[in-house]
Amino acid sequence: MAGNYPQTMAPVQQKSKILAAVLAFFLGTFGVHNFYLGRNGRGAAQLVCTIFGYLGLLLIIGAFVLIAVGIWAFVEFIMILAGMGGYDRDANGVPLS
């Protein structure tokens with residue numbers, strides 16, 4: 001049986017709002033900003049869409065996918081700067097610095 005020992009919590013490291021915005025602007029279609037903020041599912045979706053978009057360029061449809069992912073990333077860039085839609089915090093609920 002486990003004893004009742006006090007649990008210590010590791011200090012919380014705040015993520016940078018500026019770094020998240022820079023990553024969204026320059027590497028947003030690859031989902032790097034979402035991986036940085038701990039939103040791994042969203043980051044993986046952007047990365048997969050970008051990969052399929054580049055592969056689909058031979059079939060023209062890839063261009064539309066890349067445009068859509070680019071718009072998605074740009075909207076998230078604006079949301080990070082404005083602190084809207086949950087982008088004022090990381091995936092753990094820690095406010096961005």
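The values are calculated or read from the model by the stated rules, or taken from the named source; none is laboratory data. Because the structure is predicted, anything quoted here is derived from the model rather than measured. Every residue, glycine as well, gets a Cβ built from its backbone with ideal geometry; the counts of neighbours run over all protein chains shown.
Observations, loosely collected:
- Answer from 10, 21, 44 - the residue that is more than 19 Å from residue 95 (Cβ to Cβ) and either of a type outside the set (S, T, N, Q) or surrounded by fewer than 13 Cβ atoms within 10 Å (Cβ to Cβ) (or both): 44
- Selection within region 60-97: residues that are touching a residue at least 60 places away in the same chain (Cβ under 8 Å) and part of a helix (DSSP H, G or I). The member of this set that is surrounded by the most Cβ atoms within 10 Å (Cβ to Cβ) is 80.
- Members of region 71-97 that are in contact with a helix residue (DSSP H, G or I) (Cβ under 6 Å, 6 or more places away or on another chain) and modelled with pLDDT of 95 or more: 73, 76, 77, 80, 81, 87, 96
- Residue among 74, 26, 35, 30 that is under 13 Å from the mean Cα position of the chain (by Cα) and over 30 Å from residue 11 (Cβ atoms): 74
- Among the conditions (1) among the polar types (S, T, N, Q); (2) surrounded by 12 or more Cβ atoms within 10 Å (Cβ to Cβ); (3) free of Cβ contacts under 8 Å to residues at least 60 places away in the same chain, residue 4 misses just one, which is (2).
- When region 55-69 is filtered for residues that are touching a helix residue (DSSP H, G or I) at 6+ places or on another chain (Cβ under 6 Å) and of a type outside the set (A, V, I, L, M), the ones remaining, listed by number, are 56, 62.
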